[in-house]
Structures are given as structure tokens and as C-alpha cells.
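Here is the structure we will look at, set down as C-alpha cells.
The values are calculated or read from the model by the stated rules, or taken from the named source; none is laboratory data. Only a predicted model underlies this, so the values are computations on that prediction, with no experimental measurement involved. All Cβ positions, glycine included, derive from the backbone under ideal geometry; neighbour counts span all protein chains shown.
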Amino acid sequence: MIQGIGASSGIAIGKAFVLPNWEWDLPEQKIDVGDLAREFDRLYEGIRTSKVEIEQMKDELREAVGPEESYIFDAHLAILDDPVFMNEIQGIIQRQYKAAEVAVKEAIDHFVTMFDLLDDEYMKERALDIKDVGNRLLKHLLGAPEITLPSDTQPFILIAKELSPSQLAHLNPNHVLGIATLAGSTISHSSIMARALGVPLVVGIESKLEETIQTGDMLIIDGGLGIVHLHPEQSLIDLYTGKQIMQSEKKQQLKGIINFKPVTQDGKEMELSANISSLKELDVALSSGANGVGLFRTEFLYMDRSRLPREEEQVEVYRRVAEELGSKPLIIRTLDIGGDKHLDYFELPEEDNPFLGYRAIRICLDKTELFKTQLRAILRASHYGSVKIMYPLISSVDEVRAANALLGSCKKELRAEGIPFAEEIEVGIMIELPAAVVIADMLADEVDFFSIGTNDLIQFTLAVDRMNEQISHLYEPFHPSVLRMIQLTVEAAKRKGIHVGVCGEMAGDLKALPIWLALDVDELSMSAHSILPVKERLLALRQQECRSLFNRLLQCRTSAEILALLELKPSEEQKAEAFPDIFKS
């Protein structure tokens, strides 16, 4: 067994196809002074051809997974226009009299080495983008064929040192059972695309790989647990085949409750909504019975492109989501960059503690024109559906009032321009900082709803960076202090009579469901694939019993004690009582 990192869930069983690395045969001799112009012409022609090819891939990907993920290739186009990268290549040609392809290779190596030395996962992923673009350019300069995948229709598990977005864009999901890469991370472009395509992916197996994987080797990939089994015994293949069948049967079984109201045995109804970042995810959410969108992550409209999205571009995306939802609510979170989310074209300051620094609402209140462009777009889209606005990382009443003042200014502009929008659009905030919890009663006077962002709330409450391997074990969602933070927030919202939801990872955690029911939370917003499993458990629970359980949880002094109580699951008898036509013995 090889333990890697699960980047896209699912199980794949099949034979490996190992993708060869790029290898180039470059000229060693220097060029003559008189050949400089010719080398520059070759370089510019290679750039032009590469741009055309990237645009074609972008169009193909847009058809396959939607416009948001296709913007990944805007970042590749930006590299070919980047003056620093191009100046490095041109300088090597002009000063060292080297052929264009040699100059490109040396420039790639220079920037990749520089970025790899940085202790920043985002910059390491940008190094892969540079390598991908540079290799495409080298391919055209050398007239080399592109490395291609098997042309037959026999499905395979793809193995690569690292998989570039360009290579992934050409994959046929019907032929690729799963993917394992020696390098990579869960936040890479390739991981994002694999999840969008529904392909199981395990990354980061190189340090655990004791023997080389060869094309034709039998493999099992578990993308949820991040495990690769090399040369599995038949008994293990049978075990995982059984798991695949069970997963498939469970999915089919859950489809039977899609149209059931999400209500407990004793009458507590809860809205089950989806977290999305693209129209493709919306389609999956609606097919899973989502009540609406409780979190639309708009930063993905800004990432992996060469410039800020214009107002009209944003209106088009928000409008399409609102129209597809119809009367169902759409909560649009305003731009949440900084921390671990960067924009290639928007320079953020170097910070010792970026998660505590210049990010989210702090950037928006500083760059007011950027913020107003988004607010205007959301307002315009509100004419087409039940749209709400949500501000992230709020820590004070002043921030809410400043954001609302800008929102009021945008409303005034749109009225003057005769552009329609929902005058009474609801405004809410994410509760993800301890400071916001402590003054939740004050903040509730300023807004229409709260949404608890459990990921950051846990991180900031416990002072634990969940991405730090040394201390990630201290990131405990069921820590007694986290439960009390959540309780304070919900109780403050209830006293003030405002809607309160949850949109962090805990919203889709089955173990946490009794907590939300006990506190009388109004809405849970989660990834689309979690909606039906959560609904299944919800239908079998009783709110009154959950309240009794929560009182016991408050007496617990450790996470382990809390989890031990929450592991109690509905019996098969309770499930059968809740939906007898579906769960038959």
C-alpha cells in the first residue's frame, strides 16, 4: 500500500499507463550574430502557435467542465505575455548567442528552480504552469510531437510525475479510471480539474513509492483515503470491487429520497443547500435535491486568468446561476482572496501570517473600485432570482457598515442608470472569527443572516493551521471550545430573529448533524455529494433527542469524549420507520 494524499474521491481498479516525462534533444552549439533575428522570429512564431493551441484547449475544456475551470488556461496565456519570462528568454538569446529552444529551456529551469525553493504551495504550483507552457513552446520550436495517451478505448489508470492542466484537458473521462501523481497537491489546477471531471486522484506518492510503477501494472486507487495499491492480491481487488458496487448501490438508493422534505421524525425542517463555484457544480447540486446555494465562491471567477473579471462577465455568471435556481435562494459570497488564495495578476504583500493579514473583506474595503464592480454585478443579477450578498471574514461592526455603505452607493448608481435590481436584497456575513462570535449580538443588528464558516472558525479558535503537517492533528472540529463558539453564534442569531446557517466542512459531516438540530440551525450548505447522505440521517433523527444529546456534549472536556457520543447512529429500525418504501430489510 502506498499512502499519498486524496485529491479527488472515488475508487479506480485497472492497469496503469505511465505518462513519459518531457525529454528534449537540444542543440549544443551557439548561433552566429547574424542568426539572432531568425531566432527571435522562431521564438515569436512558437509563441503565436502556442497561444492558438491553448485557446483551443480552453474552448474544449469549457464545453467539458464549464467556463470557471477553463479560466485555468488564461494563466497559461498570461505567462506567454509575461515580460519577465520573455525578457529572460530574449536575454539568453541576445547575450549568450543561444538558440531559441535552448533559451526557453534555461528560462524554464531558472524560474522553476526559483519557485520550488519558496516555502509556498501556491508558488510551487505556478512553477508547474511555467513548465507546462514552456514545454508547449519547446515542442513547437523543435517540431516534436506531443506526448499522447493510448488511442484505444481500454480504460486505464494514469500515472505521471506531475500532470499539467494541458495534459488533463485532453483526457477522456470515459477512458481514464483514475490518476496518481508522484508530486502535486490538493490545491493544484490539475486537482481542481480532476474533481470537476469526477476522476479519482491521489497525489504526492513519490516519497512513499518503493518500486517503480510500470505501464500494465495492476493498481487500485482510493481517492478518498489517498491510497494506491500496487500489484494487489485478488482478494483485495474483490474487496474494492465490492466497495465500488456498494457505493453505486448506495447512490441509487439515496436517489429515492431526493424529493423528500428534509424534516426530522418530530417535525424540524432544515434547508439543505449547496456550496458551489461553477455552473457545473450547480447542475450536480440540483440533481441531488439542493434547496438552493448557500455559498457561491466567487473567487474562482477571479483566479487563473490574466486580469480582473469585468462587471458584465460577472453579471452573466451570477444571472445564469440565479435563473437556473428560479425561486430557490442564491447566497453570493463577495471576493475572498488572500491567505492561501492568490491571483496571478493581483500582487499581494509578503506577509509572515497571510491568514491573519490582507485578505477577504479587508482587501475589498481597501480596493473599493474592485469591490464596487462585484457589488454592482451581484445587484444586477438579483433582478433574475432570489439573490443574497454575504461578506467574508468580518470582525467588526465598522466593516459591515463600510461594506453596506459601498453597497448603497452601487444601488444609487444603478437607479440613476435605470438598471433594475432587488431593492430589498438581503445582506449577511460569515461568522468565522472569534471576534465575530463575541459580538454576534451586535453584528446581528446590522445584517439579515449569519453563515458559520466552520473551517476558519476552528482554525482561528484553536490557533491551528490545518495545512501545517506538524500541527494538523490539533485541528479538531469537535473541540469543546468550537462547540461553544457555535452555540454562542446560533443563540445570538435566534435572539435577534435572523436566519442562521452553516457553510463550512462541518455542515456536511454526518457526526455534526445532531448539533445543528439541537441548536435549531436553519440551513446547512455543503458540497453537492453530501446532501443526500445528510438528508438520509436527518430523516431518521428526532430534534428533541438531539437536544438532550447536546446537553451531554457540553459536559464533555475533550474532543474524544464528544466524538464518542456523536458516533451513536440511527438504527436500521429507525431508518426503516423514516422511509419504509426505500430502506427495506
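Scan the range 371-378 and give yes if some residue there is within 20 Å of Ala274 (Cβ to Cβ) and surrounded by 15 or more Cβ atoms within 10 Å (Cβ to Cβ), otherwise no.
yes
Which of the following residues is in contact (Cβ under 8 Å) with a residue 24 or more places away in the chain, under 27 Å from Leu325 (Cβ atoms) and assigned to a loop (DSSP other than H, G, I, E, B): Ala403, Ala422, Ala377?
Among Ala403, Ala422, Ala377, only Ala422 is in contact (Cβ under 8 Å) with a residue 24 or more places away in the chain, under 27 Å from Leu325 (Cβ atoms) and assigned to a loop (DSSP other than H, G, I, E, B).
Does Phe449 satisfy being crowded, with 22+ Cβ neighbours inside 10 Å, assigned by TED's automatic domain parsing to the domain that holds Leu365 and over 22 Å from the mean Cα position of the chain (by Cα)?
Considered against the rule, which asks whether it is crowded, with 22+ Cβ neighbours inside 10 Å, assigned by TED's automatic domain parsing to the domain that holds Leu365 and over 22 Å from the mean Cα position of the chain (by Cα), Phe449 comes out as no.
Any idea which of (1) surrounded by fewer than 21 Cβ atoms within 10 Å (Cβ to Cβ); (2) in a strand (DSSP E or B); (3) not small (Gly, Ala, Ser) is the one Val387 doesn't satisfy?
Condition (1) is where Val387 drops out.
Look at Val500 and say whether it is among the β-branched types (Val, Ile, Thr) and in contact with a Pro (Cβ under 9 Å, 6 or more places away or on another chain).
no
Looking only at the range 339-346, decide whether some residue is part of a strand (DSSP E or B), farther than 20 Å from Leu282 by Cα, out of contact with any Phe, Trp or Tyr (no Cβ under 6 Å at 6 or more places or on another chain) and of a type outside the set (Asp, Glu).
yes
Looking at the range 86-111, which of its residues are hydrophobic (A, V, I, L, M, F, W, C) and closer than 11 Å to Gly134 by Cβ?
Within the range 86-111, Ile89, Ala103, Val104, Ala107, Ile108, Phe111 qualify.
Exactly one of (1) at pLDDT 95 or above; (2) under 27 Å from Lys255 (Cα atoms); (3) surrounded by fewer than 18 Cβ atoms within 10 Å (Cβ to Cβ) is unmet by Phe579. Its number?
So Phe579 meets the others, but not (1).
Residue by residue through the range 315-332, note down the ones that are part of a loop (DSSP other than H, G, I, E, B) and not basic (Lys, Arg).
Answer for the range 315-332, where residues must be part of a loop (DSSP other than H, G, I, E, B) and not basic (Lys, Arg): Gly326, Ser327.
If you take just the strands (runs of 3 or more DSSP E) that sit entirely in the range 198-314, which of them hold at least 3 residues that are not assigned by TED's automatic domain parsing to the domain that holds Ile337? Even if it seems obvious, please write down each step before you answer.
Details: elements: 201-203, 218-222, 227-230, 271-276, 293-297.
The strands (runs of 3 or more DSSP E) meeting that bar are 201-203, 218-222, 227-230.
I need a count of the residues in the range 496-554 that are assigned to a helix (DSSP H, G or I) and not basic (Lys, Arg).
So the count comes out to 33.
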